[in-house]
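**Q** This is the structure, below, for whatever I ask next.
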Amino acid sequence: METTAEEQLLGPLLLARGTIDRSSMLRGNNAWLERSWADPAARVLLIDEGRTLVRRVGDEVEVVLFATRDAPKGERYLLGVEDDVPYFAVAAPLPGTALADLNGRTVAPMRLDETAEGEEFSAGLRQVGALLGDRDAGLLVYAVALEAWHSTHEFCPRCGSRTDVRAGGHIRVCPRDASQHFPRVDPAVIMLVRDEDDRCLLARGPQWPEGRLSILAGFVEPGESLEHAVVREVAEEVGLHVVSPRYLGSQPWPFPRSLMLGFFARSLTTELTLDLDEIAEARWFSRAELLNALETGEVRLPPPVSIARRLIETWYGDHLTGDW
């Protein structure tokens with residue numbers, strides 16, 4: 001099936017990249033996991049509350065990977081294998097923080113434009129996701145998502161016992177009732193709403209400063225289809241009746257464990273009725289009006305790492321400037 005011009009422009013989704021084989025069939029093989037950890041070629045990504053170590057290489061960054069012998073103690077997650085190299089993540093304080101100093105390294109959080117070539121610094125996906133190569137972007141998204149899930153699922157929801165990490169970090173098992181608990185993702189729809197004049201609706205939440213606008217989004221409820229979630233969320237947040245939800249693509253958003261499913265939808269009405277608990281401001285924009293608002297600084301858009309930005313640019317028909 002041929003892709004449309006719109007669908008081609010939507011990609012690449014910067015947090016939907018990755019090159020490694022997740023090796024799911026090997027997660028339960030403890031002997032293989034131990035051999036892989038002992039392999040001198042194995043590499044470890046450190047993850048600490050969503051941040052890792054990266055290194056500046058020109059105008060890009062790469063994840064700093066460690067040999068297993070140099071990795072600190074912490075929960076260990078198998079990320080996969082590429083070119084016979086096993087990749088793991090370890091949840092542990094980063095070097096240079098108050099809780100760790102690994103091999104004498106001193107590393108502090110800073111902005112990319114404040115770093116020198118080859119300098120290491122700590123960062124999260126929002127800061128460097130768009131600057132990472134495909135392999136490193138996939139590794140970091142995976143590690144962030146696993147760490148976030150494990151940090152909130154240490155105890156069995158049935159009996160309250162502390163659970164044990166198994167299967168390379170992909171299962172937690174209760175030692176008391178033997179129940180198994182698996183990492184979960186929360187599906188959320190994110191939709192660009194257009195009216196009959198092909199204007200785009202942008203909005204901001206009450207917690208955002210003026211001028212920071214994006215498209216509408218919301219979580220899928222139990223027993224609900226994605227399309228119904230699009231219609232319901234738009235009606236709840238801005239009082240519009242939309243039809244023809246069209247799926248364009250998806251991207252993981254591990255903050256803490258969402259999967260964003262991108263849609264276009266057409267509104268049959270234009271009068272806005274805002275749920276002020278969710279939406280502080282919503283406005284219709286033509287392409288010319290949006291471009292002018294970006295050029296004057298009146299409006300700022302989500303960063304390129306987000307699927308929201310890709311959906312807006314897909315509607316606009318070109319890349320835009322003016323990031324948050």
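Derivation of every value follows stated rules applied to the coordinates shown; laboratory data play no part. This is a predicted model, so every value here is computed, not measured. We place every Cβ from the backbone using ideal geometry, glycine too, and count neighbours over all the protein chains shown.
**Q** Tell me the label-point distance for the pair Ile171, Thr270, using the 7 Å Cα-to-Cβ offset, in nm and rounded to one decimal.
**A** It works out to 5.7 nm between the two label points.
**Q** Right, next: Give the long-range amide H neighbours of Gly249: residues separated by 5 or more places, or on another chain, with amide H under 5 Å away, using H modelled in the peptide plane at 1.01 Å from N.
**A** For Gly249, the qualifying residues are Gly262.
**Q** When Lys and Arg each count +1 and Asp and Glu each count -1, what net charge do the other residues less than 11 Å away from Arg158, Cβ to Cβ, add up to? Working shown, then result.
**A** Details: positive: Arg176; negative: Asp177.
Net local charge, Arg158 excluded: 0.
**Q** Hey, can you grab everything whose amide H is under 5 Å from the amide H of Arg51? Only 5+ residues off in sequence or another chain; H modelled, so Pro and N-termini drop out.
**A** HN-HN under 5 Å from Arg51: empty list.
**Q** Counting other C-beta atoms within 10 Å, which of Phe155, Phe121 has the fewest, and how do the rest follow?
**A** Exposure proxy ranking, most exposed first: Phe155, Phe121.
**Q** Cβ neighbours within 10 Å, averaged per peptide: list 62-68, 147-153 in order, most packed at the top. Walk me through the numbers on the way to the answer.
**A** Numbers: 62-68: 18.3, 147-153: 16.7.
Ranking the peptides 62-68, 147-153 by packing returns 62-68, 147-153.
**Q** Sort Tyr247, Tyr77, Tyr316 so the one with the fewest other Cβ atoms within 10 Å of its own Cβ comes first.
**A** Tyr247, Tyr316, Tyr77
**Q** Once label points are set 7 Å from the Cα along Cα→Cβ at both Asp39 and Thr152, what is their separation, rounded to one decimal in nm?
**A** The two pseudo-label positions are separated by 3.3 nm.
**Q** Hey, can you grab everything whose amide H is under 5 Å from the amide H of Gly205? Only 5+ residues off in sequence or another chain; H modelled, so Pro and N-termini drop out.
**A** Correct list: Ala280.
**Q** Could you give me the radius of gyration and the Dmax of the chain, taking only the C-alpha atoms into account and expressing both in angstrom?
**A** Values for the chain (Cα only, Rg and Dmax): 21.7, 63 Å.
**Q** How far apart, in nm, are the 7 Å Cα→Cβ label points at Glu196 and Glu119?
**A** It works out to 5.7 nm between the two label points.
**Q** Oh, and also: Taking each pair of distinct Cα atoms in the range 24-152 once, what is the resulting Kirkwood hydrodynamic radius in Å?
**A** 15.0
**Q** Same structure, new question: Name the residue farthest towards the positive end of the dipole of the chain from the options Val193, Leu94, Ser122, assuming +1 on Cβ of Lys and Arg, -1 on Cβ of Asp and Glu, about the Cα centre.
**A** The residue sitting farthest along the positive end of the dipole is Leu94.
**Q** Please work out the Kirkwood hydrodynamic radius for the range 37-80, using every pair of different C-alpha atoms, and report it in angstroms with one decimal place.
**A** For the range 37-80, the Kirkwood estimate is 11.7 Å.
**Q** Now for a separate question. Output wanted: per-residue J couplings in Hz (rounded whole) for the range 216-222, from phi through Karplus 6.51 cos²θ - 1.76 cosθ + 1.60, θ = phi - 60°, x for Gly and Pro.
**A** 7, 7, x, 7, 6, 8, x
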